[in-house]
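Report on the structure given below.
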Amino acid sequence: MLSKQIKGGAILSYVTIFLTNVVGLVLTPFIIRSLGASEYGLYTMIGAFVGYLTVLDFGINNSIIRFVAKYRAENDKKGEENFLAISFIIYIFISILVVIFGFLGYQNIDSIFETLTPSELHKAKIMVLILIFNVAITIPGGAFRAMCMGYENFTLPKAVNIYKYIARSILVVFILFYGGDSISLVIIDTIMNLLFIIAMAYIAFGKLKIKVKLYKFEGSLAKSIFNYSIWVFVFALVNKLRWQFGQLILGLNYDTTIVAIYAVGITLGSYYGAFSSAISSLFLPKAMQMTVRSDAPEVLTKTFIRISRLSTYILFFILGGFILVGQQFINLWVGAQFAQAYWYTLLIMIGLTFTLSQSFGNDLLQAKNKHKFRGIVLLLTTLFGVALGWFLSLQYGAMGLIIAIVVFIFFERFVMWWYLSKELKIDMNYYFKNFSSQLIYFLLTVAISYPLLLLIRNHSWLGLLVKISLFAIVYIGFMFKCMNTEERKLVRSLIPKKILA
C-alpha cells in the first residue's frame with residue numbers, strides 16, 4: 001500500500017500544479033498590463049539570463065535524496081551526518097561559482113543586451129545583482145527540501161510551498177496595484193525564496209531532527225556524489241537543449257510570431273510533464289530502499305507497473321482532454337492566431353507519454369547508480385533530434401522541428417525499454433500488456449466522448465468547462481473498469497467517507 005506521506009505528497013503536488021497553472025494563467029495578463037509589454041519582456045529576459053546559473057546545482061539535490069535514503073535504510077546515522085556536511089561544503093563552493101559567473105555576466109550586460117535603453121539597462125543591472133544573490137542562496141537552500149524528501153516527508157514541505165506561492169501571488173498583485181515595477185517582482189521572489197529556505201531548514205532540523213556533522217572529509221564520498229549527480233546535471237542540460245534551443249533555431253530563420261506560437265506549444269507540453277512528475281518525484285527514496293534491500297526483479301516489476309499505471313491514468317486524462325478541447329482552449333487563452341500550437345502540443349504529449357509513464361524506472365536507475373547510460377542516450381538522441389529538427393525547420397518550420405524532436409524521444413524510450421529489461425530485469429513485456437489495456441480503454445473513452453462534445457455548441461470558457469466535465473465523467477467511468485482491486489481501493493481511500501456513506 002502507498003504510505004500516507006506519498007499519497008499526501010501526491011495530492012499536494014497536484015494542488016501546487018493546479019495553483020501554478022491556474023494562477024499563472026490569470027496573473028500573467030495582469031503583470032503584463034501593469035508593467036507594460038516592454039518592461040515585462042525585460043523582466044522575463046533577465047530572469048532567463050540569470051536562470052542559467054541554476055544548472056550549477058549539478059544535480060546534488062538528487063544526490064542528497066538518494067544518499068540520505070540509503071543511509072536511513074542502512075541505519076547509518078553517522079554516515080548520514082558526515083555526508084550532509086560534505087554536501088554543504090560542496091554547496092559553499094558552488095555558491096562562490098554562482099557569484100563569480102553572475103558577476104561576469106553583470107559586467108558584460110551592456111555588450112550582451114545592446115538594444116536596451118539606458119533606463120532598461122539600469123533596471124537590468126539591479127535585477128541581475130538581486131537574482132545572483134537569489135540563486136546563490138537557493139541552490140544550497142534546496143538541500144533542506146532534499147533532506148526532507150530523503151526522509152520521505154513530503155506533505156509538510158509541499159504545504160509550505162503552496163503557502164509560499166499563494167503569498168507570492170497576493171504580494172505581486174498588491175505591489176503592482178500600487179505602482180511596483182519589475183525590480184519589485186524580483187525582490188518579492190528573493191524574499192519568498194529566503195523565507196522558504198528558512199522554513200525548510202526548520203522542518204529538517206526542528207521537526208525531523210536531522211543533524212549535519214563533519215567527522216571526516218572523504219574525498220571518495222565527494223567523488224561518488226559528483227559521479228552520481230553529474231548525470232542528473234546532464235539531464236538538466238538536455239531538458240534545456242530539447243525545449244529551449246528550438247526557439248533560437250526558429251528565431252534565426254523566422255519572425256517572432258512563429259517563435260511565439262512554438263513557445264506556447266512547448267509551455268503546454270511542459271505542463272503535461274509536470275502533472276506526471278508530481279507522482280514520480282515521490283518515489284526516488286522508495287527506489288533507493290528497494291535497491292539497498294536488493295529486492296528481487298519480480299518485486300521491482302510489480303512496483304514499476306503499479307506506479308506506471310497510476311501515472312498513466314493521469315497522463316491519459318490530460319491527453320484525452322487536450323485532444324478533444326485543446327484547440328478551443330488555445331483559442332480562448334491566447335487567441336486563434338496561435339491555433340497551430342495545438343498540433344505542436346499534441347505531438348509533444350504523445351511523445352512524452354511513454355517516457356513519463358515509465359519514470360519510476362529512471363528512479364531505479366538513479367538509485368542503482370546506473371543512470372549514466374540513460375544520460376548518454378538522452379544526450380545523443382537530443383543532439384540528433386535538434387540537428388534533424390534544424391534541417392527540417394528550414395522547409396517545414398516549427399512542425400518539422402517538433403516532429404524531429406518527438407521521433408528521437410520515441411527512439412530514446414525504445415532503447416531504454418531494452419536497458420531496463422537488461423539491467424534491472426524488469427519484465428517490460430508485462431508492462432506493455434498493462435499499458436495496452438489502459439490504452440484500449442483510453443481510445444474508447446476518446447472515441448465515445450468526441451461525438452458527445454460535438455453536441456455542445458458553446459465555444460466560451462463555460463462551454464469548455466462543460467466539455468471537460470462531461471469527458472471527465474466518461475473517462476472516470478471507463479477507467480474505473482480498467483482499474484485493478486488495489487487501484488480501486490486507493491481511489492476510494494481518497495474520497496471523503498461522508499461522500500461514500
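The values are calculated or read from the model by the stated rules, or taken from the named source; none is laboratory data. All values derive from a computational prediction rather than experimental measurement. Note that each Cβ is placed from the backbone with ideal geometry, even for glycine, and that neighbours are counted across all protein chains shown. Ligands, DNA and RNA are excluded from the accessible area calculation, which covers all protein heavy atoms including side chains. Shrake-Rupley method; radii C 1.70, N 1.55, O 1.52, S 1.80 Å.
Checked across the stretch 406-419, the condition of being modelled with pLDDT of 90 or more, open to solvent by 20 Å² or more (accessible area, probe 1.4 Å) and farther than 30 Å from residue 65 by Cβ holds for at least one residue. Say whether the condition of being over 22 Å from residue 353 (Cα atoms), free of Cβ contacts under 8 Å to residues at least 40 places away in the same chain and assigned to a helix (DSSP H, G or I) is met by at least one residue in the stretch 403-415. No, because not a single residue in the stretch 403-415 is over 22 Å from residue 353 (Cα atoms), free of Cβ contacts under 8 Å to residues at least 40 places away in the same chain and assigned to a helix (DSSP H, G or I). When residue 168 is tested against the conditions (1) touching a Leu at 6+ places or on another chain (Cβ under 7 Å); (2) among the charged types (D, E, K, R); (3) under 19 Å from residue 17 (Cα atoms), the lone failure is (1). Run down 441, 430 and say which single residue is modelled with pLDDT under 90 and either over 22 Å from residue 471 (Cβ atoms) or in a helix (DSSP H, G or I) (or both). Result of the check over 441, 430: 430. Here the condition is being surrounded by 18 or more Cβ atoms within 10 Å (Cβ to Cβ), modelled with pLDDT under 85 and hydrophobic (A, V, I, L, M, F, W, C); of 226, 196, 154, it holds for 154 alone. Contact map, the stretch 422-437: residues that are free of Cβ contacts under 8 Å to residues at least 60 places away in the same chain paired with residues that are basic (Lys, Arg), Cβ distance under 8 Å, separation 6+ or inter-chain. Pairs shown: 423/368; 423/370. Return yes when residue 380 is more than 30 Å from residue 453 (Cβ to Cβ), open to solvent by 50 Å² or more (accessible area, probe 1.4 Å) and at pLDDT 90 or above and no when it is not. Yes; evaluated as a whole, the condition is true for this residue. Of the listed requirements (1) within 23 Å of the chain's Cα centre (by Cα); (2) surrounded by 14 or more Cβ atoms within 10 Å (Cβ to Cβ), residue 175 misses just one: (1). The set of residues in the stretch 164-214 being touching a helix residue (DSSP H, G or I) at 6+ places or on another chain (Cβ under 7 Å) and of a type in the set (Phe, Trp, Tyr) consists of 165, 196. For the stretch 350-377, a tally of residues being open to solvent by 10 Å² or more (accessible area, probe 1.4 Å) and closer than 14 Å to residue 413 by Cα returns 11.
Looking only at residues in the stretch 317-349 that are open to solvent by 20 Å² or more (accessible area, probe 1.4 Å) and outside any helix (DSSP H, G or I), the one that is modelled with the highest pLDDT is 340.
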